[in-house]
Amino acid sequence: MVALISSGLFVRSLRQAYKADPGFDPHGVLLASFDPFLSGYDENRGREFYRRLVERVNAIPGIQSATLARRLPLTAGGIAFANVTIDGYASAKDEDMRFNYETVGPQYFQAMRIPLVHGRDFEERDQEGAPGVAIINEAMARRYWPKSNALGSRLKLAKDWLEIVGISKDVKNRSLSEAPQPFFYLPLLQDYRSNMILVARTAVDPEKMFQSVRAAVAALDPEIPMFDTKTLEDHVGISLFLQRMAASLLSIFGLLALSLAAVGLYGVMAYTVAQRTRELGIRVSVGAKQSDILRLILGQGLVLTAIGMIGGLVTALAVTRLSAGLLYGVSAADPMTFTVVALILLGVALAAGYFPARRATKVDPMIALRME
């Protein structure tokens, strides 16, 4: 019962996670990582490489939009954060003003299909030397500008003031189960990073476009490696690795436990029938019907099953609470899972007890009475 319920909860949680809205569209996007610094590029050459790379990839037939990102949502590992001062906001004593942020290229929100609710995306004009800009998410806008529009407001990062030029929809950055957290984006053209991820949305199967992208990179510089190539769907799937492993392993253990329970119950009931052959013969000889014998034997099996199920339900309620943090969209005491598992186990128990009970109804009273 415990193994089956745990399995059921993780399977339902995994299904809910795959149906969840992460804040972006993972379908039809290819990813490839680069780090020109490892090939001896300085910042100026790196900037030029990335500019030409995005230009060439955008020109490939079948590519709808291409951009760059330092890190993608739902990536395992740390997220960049920075201390921020918000113009006009007086922070409370000991208030944590560190916020997670990401560095992205122009058309990032278009390529990821992250809706911009106000303002604009980063553009080529947001170059080094131009006025600093940033895009914040709705959670940050709600938190620090609850009664006004954050567009045109400023936030200070290190020594530089940045103008807020856009507000995006909230995105799941750490996990699919997280609540919306304040987050902001910086333009790559003003915040250069050497190791970046190419994000390209395609009109066809992204797997078919990797060769074309490799050819574009080789045309720029065959010495720069393209690594960690995958689709955005694969990337999201990797973030669900723990849930998938838990669901798979617990399903295996659950089916094994169910099989052992069925075999064990069948064995107990078959042994009981064999031991009670003479008694059953006497019952038949004094007028017991086949239905009476069937109810008698099945009733014993159901009593054993009920005891096990009650103990299993109580134990499962305690055990599943320990895994509540790994579940998404499903509570640790999900009534549907508990009910379905109980019905499955009850059905298996009835099947396991039916065949010995059926055999008991066929006992010949004359043969049974002659047995020692």
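A few points about this structure:
- Lone qualifier among E163, E178 - being in contact with a Lys or Arg (Cβ under 7 Å, 6 or more places away or on another chain), free of Cβ contacts under 8 Å to residues at least 24 places away in the same chain and not small (G, A, S): E178
- Checked across region 257-278, the condition of being within 33 Å of the chain's Cα centre (by Cα) and either without any contact (Cβ under 8 Å) to a residue 60 or more places away in the chain or closer than 30 Å to N173 by Cα (or both) holds for at least one residue.
- Of the numbered criteria (1) in contact with a Gly (Cβ under 8 Å, 6 or more places away or on another chain); (2) on the phi > 0 side of the Ramachandran plot, the one G129 fails is (1).
- Candidate set from region 109-123 (those that are of a type in the set (A, V, I, L, M) and not in a helix (DSSP H, G or I)); member that is farthest from R201 (Cα to Cα): V117
- Scanning region 111-131 for residues that are surrounded by fewer than 17 Cβ atoms within 10 Å (Cβ to Cβ), touching a residue at least 12 places away in the same chain (Cβ under 8 Å) and of a type outside the set (S, T, N, Q) gives R113, P115, L116, V117, H118, R120, E123, E124, E128, A130, P131.
- Restricting A32, A66, A3 to residues that are part of a helix (DSSP H, G or I) and either out of contact with any His (no Cβ under 8 Å at 6 or more places or on another chain) or not assigned by TED's automatic domain parsing to the domain that holds R174 (or both) narrows the list to A3.
- Any hit, region 309-326, residues being at pLDDT 80 or above and over 30 Å from S13 (Cα atoms): no
- Only strands (runs of 3 or more DSSP E) whose full extent lies in region 124-193 are considered here, and the ones with at least 2 residues that are more than 30 Å from the chain's Cα centre (by Cα) are 154-157, 160-168.
- If the condition is being in a helix (DSSP H, G or I), buried (at least 18 other Cβ atoms within 10 Å of the Cβ) and of a type in the set (F, W, Y), then region 6-29 contributes only F10.
- All positions within region 61-83 that are crowded, with 22+ Cβ neighbours inside 10 Å and over 25 Å from F241 (Cβ atoms): I63, A66, T67, L68
- Qualifying positions in region 69-103 - in contact (Cβ under 8 Å) with a residue 12 or more places away in the chain, in a loop (DSSP other than H, G, I, E, B) and under 27 Å from the mean Cα position of the chain (by Cα): R70, R71, L72, P73, L74, T75, A76, I79, A80
- Pair list, Cβ < 6 Å and 6+ apart or interchain, from region 204-225 residues that are over 16 Å from G28 (Cα atoms) to residues that are hydroxyl-bearing (S, T, Y) and surrounded by 11 or more Cβ atoms within 10 Å (Cβ to Cβ): E223/S39; I224/S39
- Restricting region 198-224 to residues that are of a type in the set (V, I, T) and in a helix (DSSP H, G or I) leaves a set whose member that is farthest from A66 (Cα to Cα) is V217.
The values are calculated or read from the model by the stated rules, or taken from the named source; none is laboratory data. For clarity, every value in this text was computed on a predicted model and none was experimentally measured. Positions of Cβ are backbone-derived with ideal geometry, glycine not excepted, and every protein chain shown enters the neighbour counts.
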